[in-house]
Every structure is written in C-alpha cells, then in structure tokens.
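Asks: Before I ask anything, let me first share the structure, which is written out below as structure tokens.
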Amino acid sequence: MRALKSTGLFSCLALVVACEAKVTTVDVQPATASLTEESGPTAFTATPKDASGKAVAKKAVTWESSDPKVATVDANGQVAAVGSGTAQITAKSDTVSGAATVNVQLITQAKLAPIGPLEVGAPPAQLALTYANERGEPATREGWTPTYMVRDPAIATVDATGMVTAVAAGETVLTAKVGNLSAETTLSVTAPPPPPAEAVPAPTAP
C-alpha cells in the first residue's frame, strides 16, 4: 500500500489544533453588584482567558443563577432582580466557570411610627420613617429623602425634616412619600391645660 503524503492543508490544520488556546479562567464583570427595585436589567460580561491571562476569542459562554428567586440571568448575561437576597451569577466556557455576586434589596413597604398626642405649645416631635422588604424584614436605603405632608395645617405643621409642631386642638393625618412608597399616621393635638385660677383673697372682717 502506498503511504499518503501529508499535504500543506493537513499540516496547517494540525498546527491550528495543536496551538488552540485552552481556557483556564473565566473573568466575570462586574465582580459584585447591588440591585434594587429601581434597577433595570444589568449587563454582566464574561471573558474566557488562557493560562497567561490573555482573552481566548470565539468561545461560547453559558450563564446561570444560583437562585432565580433572587436574580435571573439570560443567555446574554443580562441580570434582573427578582427578590431580596444574594445570588451567584456563573458564566461557563468549556469546563471552566467564573462567578459574580449579586446582592438584591427590594424595598416594598414604608411605615410611619405613631406620634402624639401632641399638646399645643409643646416642643416639636420627630417623625420616624422605616422601610421593609417584600418579606416584611427591616431594610435601609442610602440616598432616599422623604417628602412630608400634613392634611390639615391648621391642626399641625411638618417641616422638610419631619419635625411636627402642634398648632390647634384636633386630629389630622401626616404623610411621608419616597419613591413609589407612602406611609401615613394619624395625629391628635390637644389644647394646653388652662392656667391655674388665681386665688381670691378672703374678705377682711369689718
């Protein structure tokens, strides 16, 4: 049997196969992200790299979330918040994976703590506004500035910081609004006690 000679094409193909870079790491960015109910889909990128840290081109990447109840990820690396908690977003190329951490905090409730009754002439009282997530667990949010309102300013006033001052006896409603949330509490205002009666001197005997 006659031996087949190696052609230039076969040699080239063998060289390409032999020199194809192997993926050793997958770099996922951003490495961490914080999402809220105000966040839209957030783009993550995955870069397969070889042992020297150089990007390996034309490598397919698949995406997965460790907890779809917290965050989901589509085939293009778009991550969407679903529920409060923490999830790992994993990108896989060949048999190698890389991951990023997503922290989700959804604030769905606001509450004003009751105050009063306030007495006319007493020092102002501070409103306390608190937040909770979809499970009713306490939550905080940096950068939120609530707007305070009072239904009847003839009964009480409230300033931009939530300080409430009694004006006249009666009942009114205080409201705080922030983002798409609002909370109310009812306030009773009482009149100050009457001043003590002046003592009337006893009549003197004639």
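The values are calculated or read from the model by the stated rules, or taken from the named source; none is laboratory data. What you see is a predicted model, and the numbers here were worked out from it, not measured in a lab. Glycine gets a Cβ as well: all are built from the backbone with ideal geometry, and neighbour counts include every protein chain shown. Accessible surface is based on the protein model in full, side chains and every heavy atom, while ligands, DNA and RNA are left aside. Shrake-Rupley method; radii C 1.70, N 1.55, O 1.52, S 1.80 Å.
Asks: Which of the peptides 137-149, 176-188, 77-89 is most tightly packed, and how do the rest follow, going by the mean number of other Cβ atoms within 10 Å of each residue? Numbers along the way, then the final one.
Replies: Values: 137-149: 11.9, 176-188: 16.5, 77-89: 19.4.
Most protected by this proxy first, the peptides run 77-89, 176-188, 137-149.
Asks: So what's the angle, to the nearest 10 degrees on a 0 to 90 scale, between helix 8-19 and the longest Cα principal axis of the chain?
Replies: Between helix and principal axis, roughly 40 degrees.
Asks: Percent of accessible area on the chain owned by carbon and sulfur, 1.4 Å probe? Present the calculation step by step, with values, prior to reporting the outcome.
Replies: Numbers: 7660 of 13200 Å².
The nonpolar share, carbon plus sulfur, comes to 58 percent.
Asks: Excluding ligands, DNA and RNA, what is the solvent-accessible area per residue of the chain at a probe of 1.4 Å, expressed in Å²? Before the final figure, lay out the partial values.
Replies: Working: 13200 Å² over 206 residues.
Solvent-accessible surface per residue comes out at 64 Å².
Asks: Given a Förster distance of 30 angstrom, what is the FRET efficiency for Gln78 paired with Thr147, based on the Cβ-Cβ distance and rounded to 0.05?
Replies: 0.35
Asks: Compute the relative contact order of the chain as a whole-number percentage, counting only Cα pairs closer than 8 Å that sit 6 or more residues apart in sequence. Don't skip to the end; give the middle numbers.
Replies: Details: 432 pairs, mean separation 31.3, N = 206.
Here the relative contact order equals 15 percent.
Asks: Near Lys92, within a Cβ-to-Cβ distance under 11 Å, what is the net charge of the other residues, with Lys and Arg +1 and Asp and Glu -1?
Replies: Numbers: positive: Lys59; negative: Glu64, Asp94.
With Lys, Arg at +1 and Asp, Glu at -1, the neighbours total -1.
Asks: Cross-chain or 8 or more residues apart, Cα under 14 Å: how many lysine pairs in the stretch 47-100 fit that? Count them up, please. Intermediate values should be presented prior to the final figure.
Replies: Values: Lys49/Lys58; Lys49/Lys59; Lys49/Lys92; Lys58/Lys92; Lys59/Lys92.
Close lysine pairs under the 14 Å cut-off: 5.
Asks: Counting only the backbone N, which residues of the stretch 101-122 are under 18 Å from the spot 7 Å out from the Cα of Thr190 toward its beta-carbon?
Replies: 114-122
Asks: Here is a follow-up. Given a 10 angstrom Cα cut-off, can you work out which residue in Pro48, Pro196, Pro30 is the most mobile in a GNM of the chain?
Replies: Judging by the Gaussian network model, the answer is Pro196.
Asks: On to the next question. Enter the accessible area of Asp159 (Å², nearest 10), with the probe set to 1.4 Å and all protein chains included.
Replies: 70
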